[in-house]
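Worksheet for the structure shown next.
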Amino acid sequence: MLRGLRYLLLVSFCLWMLSSGISWPAWGRDLSRQTPQERAVELGTVDNQLAFAPKELFFRNGNLYRLRLSNPSQLKHYFSAKDFADAVWTRKLEVAGVEIKGQIREIELKPGASVEWQFIPLKSGVYSLACTIPGHAEAGMIGQITIGD
């Protein structure tokens with residue numbers, strides 16, 4: 001009886017993974033022991049241009065990343081990529097010695113601020129990135145994030 005229940009649970013879990021589009025390569029690895037791969041993005045520029053640099057990012061499923069976001073401009077900006085945030089597992093967001101854990105939807109960076117976001121991508125796709133402050137996306141503060149195998 002117990003053996004049959006375990007089998008049923010395993011099959012149900014596998015079907016859920018397939019229907020969710022979650023990648024298989026991460027299975028069998030201890031993801032907590034990975035060294036994070038570094039990426040950096042600037043929100044805005046020193047001369048207050050409205051842009052992400054770089055504006056295109058690529059991440060691989062199952063790898064641990066440390067995304068360093070910084071704002072060198074005199075304006076506040078948002079790193080807003082809800083669908084991307086739904087496709088990753090956030091290990092932590094760290095700023096000024098404080099760790100924030102759980103789902104991240106949008107990150108606001110005030111002038112001169114920086115933050116580190118550690119995450120593992122789980123679902124392949126192409127996701128939109130934008131600064132949601134009125135007028136910023138329209139002026140070109142948009143980007144694209146791709147998660148692949």
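The table below lists the values:
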item: From the options K101, K82, K92, residue that is of a type in the set (K, R) and more than 11 Å from the chain's Cα centre (by Cα); result: K101
item: Residue selected from the stretch 76-105 under the condition part of a helix (DSSP H, G or I) and hydrophobic (A, V, I, L, M, F, W, C), by the criterion surrounded by the fewest Cβ atoms within 10 Å (Cβ to Cβ); result: A85
item: Filter result (surrounded by 18 or more Cβ atoms within 10 Å (Cβ to Cβ), in a strand (DSSP E or B) and more than 11 Å from the chain's Cα centre (by Cα)) within the stretch 117-149; result: A130, G143
item: Residue in the stretch 85-97 that is within 20 Å of T35 (Cβ to Cβ) and of a type in the set (S, T, Y) present; result: yes
item: In the stretch 53-75, residue surrounded by the most Cβ atoms within 10 Å (Cβ to Cβ) [restricted to those that are under 23 Å from P134 (Cα atoms) and not hydrophobic (A, V, I, L, M, F, W, C)]; result: N71
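We did not get these values from a lab; they are worked out from the coordinates using the rules stated. Only a predicted model underlies this, so the values are computations on that prediction, with no experimental measurement involved. Methodologically, a virtual Cβ is constructed for each residue, glycine included, from the backbone with ideal geometry; neighbour enumeration extends over all protein chains shown.
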